Amino acid sequence: MSIVPEDADLQMQWTRWLNRRNAAARDHLIVHYSPLVKFVAGRVGAGLPSSVDSGDLISSGVFGLIDAIERFDTERGVKFETFAVPRIRGAIYDGLRQLDWVPRSVRSRARSVERALSELEHRLGRGPTDEELSEHLRITPEDLAKWLAAIASTTIGPLDRAIAAGIEPATMEGPGSEAPSSVIEDRELSHLMREEIKKLPEREKLVLSLYYDEGLTLSEIGDVLGVTESRVSQIHTKSVLHLRSRLAAAGLA
């Protein structure tokens with residue numbers, strides 16, 4: 001079965017939208033690209049508590065998709081999917097922050113781990129091992145694993161977005177799409193994140209690359225590394241907290 005008619009129809013809808021801002025064409029594009037929202041929502045929702053409704057993630061993501069369609073310009077030379085994914089993800093993060101579903105005790109433990117990472121890195125001149133981190137926190141390695149598992153649900157937010165920006169290829173904005181100062185700040189943060197990611201321990205760096213750059217799920221990364229999905233989640237969480245502690249030390253978080 002040929003896919004040419006579908007491609008031709010899609011191109012026609014883009015033409016109607018870009019040239020005439022036809023509302024029906026926009027609705028057609030939203031429906032066509034809606035599976036992209038479901039995919040991104042699934043990636044963001046992996047590891048979140050069951051109390052977080054996947055439907056809420058998808059609903060928030062749709063706003064990001066609409067924003068991407070309204071901002072997209074074919075002159076950029078970037079595929080729409082590449083342009084849209086960061087905006088869908090950002091809209092989902094914004095929706096999550098409004099839910100405020102993270103227990104106060106978990107936030108407190110996240111701050112404790114961040115401080116410990118910063119203090120140990122300053123003392124050791126490198127990222128600490130899990131054993132060194134648990135000893136500094138005066139908890140067992142098993143308790144540290146439980147802490148990281150709980151904290152995993154709090155790492156969704158601006159820093160997670162910045163990590164993605166530091167790994168994924170940057171997409172250029174068109175004229176008037178964002179304030180110039182905002183674009184400059186985003187580029188500076190992206191550059192900073194790339195530099196800080198390079199300094200992470202190899203396993204943390206690998207997990208971030210496989211998750212954000214290669215698009216693997218936590219389960220698939222576990223298969224690559226030969227560890228469980230929960231262990232991958234812990235490594236991802238530790239790497240995000242590690243980066244948070246560095247940004248805080250630099251006065252940027």
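The values are calculated or read from the model by the stated rules, or taken from the named source; none is laboratory data. All of these numbers come straight from a predicted model, not from anything done at the bench. We place every Cβ from the backbone using ideal geometry, glycine too, and count neighbours over all the protein chains shown.
Descriptive notes on the structure:
- Set ARG109, ARG97, ARG126: member being assigned by TED's automatic domain parsing to the domain that holds LYS198 and assigned to a helix (DSSP H, G or I): ARG109
- The number of residues in region 207-248 being part of a helix (DSSP H, G or I), among the hydrophobic types (A, V, I, L, M, F, W, C) and over 20 Å from ILE151 (Cα atoms) comes to 3.
- Selection status of ALA68, under 23 Å from HIS32 (Cα atoms), modelled with pLDDT of 80 or more, touching a Lys or Arg at 6+ places or on another chain (Cβ under 6 Å) and assigned to a helix (DSSP H, G or I): yes
- Considering region 194-206, and only residues there that are part of a helix (DSSP H, G or I) and not acidic (Asp, Glu), the residue that is surrounded by the fewest Cβ atoms within 10 Å (Cβ to Cβ) turns out to be LYS198.
- The set of residues from region 210-219 being without any contact (Cβ under 8 Å) to a residue 60 or more places away in the chain and surrounded by 15 or more Cβ atoms within 10 Å (Cβ to Cβ) comprises LEU210, TYR211, TYR212, LEU216.
- Subset of region 101-135 (residues that are under 29 Å from GLY45 (Cβ atoms) and of a type in the set (Gly, Ala, Ser)): SER105, SER108, ALA110, SER112, ALA116, GLY127, SER134
- Checking each residue in region 73-87 for being without any contact (Cβ under 8 Å) to a residue 40 or more places away in the chain and more than 16 Å from the chain's Cα centre (by Cα) picks out GLY77, LYS79.
- Scanning region 142-158 for any residue that is modelled with pLDDT of 90 or more, of a type in the set (Ser, Thr, Tyr), surrounded by 15 or more Cβ atoms within 10 Å (Cβ to Cβ) and not assigned by TED's automatic domain parsing to the domain that holds ARG43 turns up nothing.
- Selection from region 71-94 of residues that are in a helix (DSSP H, G or I) and of a type in the set (Asp, Glu): GLU75, GLU81, ASP94
- Any chance HIS122 is over 30 Å from LEU57 (Cα atoms) and out of contact with any Leu (no Cβ under 7 Å at 6 or more places or on another chain): yes
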